[in-house]
Amino acid sequence: MSIEVGSKVQGKVTGITNFGAFVELPDGKTGLVHISEVADNYVKDINEHLKVGDEVEVKVMNVEADGKIGLSIRKAKPQAERPERPERPERPARPRRDNRSNDRNERHQPKENFEQKMARFLKDSDERLATLKRATESKRGGRGARRG
């Protein structure tokens with residue numbers, strides 16, 4: 001009997017690892033059931049679900065060119081046996097914030113014209129440059145005299 005993708009076969013668990021279980025198939029080949037394919041719910045410890053020597057029905061998920069066989073126990077179960085995943089309740093929508101600037105500040109401050117904005121910018125810029133210059137000179141040992 002050849003192993004075909006999609007077929008369901010009986011197998012025997014021959015080994016268990018932290019990432020899955022190895023299952024021996026009827027023709028003597030061995031395939032792997034990944035831990036995510038053991039049960040429909042989250043499996044933290046595979047030893048809670050399978051033991052070496054257990055007879056399990058598996059579905060062949062893939063057969064690779066190098067001979068590796070991917071198996072699934074949860075997909076081998078008939079649809080009626082598989083428990084329905086509970087639907088998540090919808091979350092209430094979060095109130096959205098406006099990305100607009102704070103309206104209160106805009107209402108209380110008179111509008112600036114271009115000259116006022118430019119004057120404020122130049123004043124702020126000069127203050128920042130003076131602070132930067134003082135910090136730089138103090139690091140150089142700023143005696144005020146430059147060497148030529």
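Between residue 128 and residue 41, what length comes free when the chain is fully extended (0.36 nm per residue of separation minus the Cα-Cα distance, one decimal in nm)?
Values: separation 87, 0.36 × 87 = 31.32 nm, distance 6.06 nm.
Length difference between fully extended and current span is 25.3 nm.
Excluding residues on the same chain fewer than 8 positions from residue 133, give the lysines whose Cα lies under 26 Å from its Cα.
117, 123
Viscosity 1.002 mPa s, temperature 20 °C: Stokes-Einstein D of segment 4-54 from its Kirkwood Cα radius, in µm² per second? If you can, show how the numbers build up before the last one.
On the way: Rh = 11.4 Å.
Calculated translational D: 189 µm²/s.
Cross-link partners among lysines for residue 44, C-alpha distance below 21 Å, same-chain residues fewer than 8 apart left out?
75, 77
Throughout, read-outs are computed from the coordinates displayed, never taken from laboratory work. Note that the structure is predicted; figures quoted are calculated from it, not measured.
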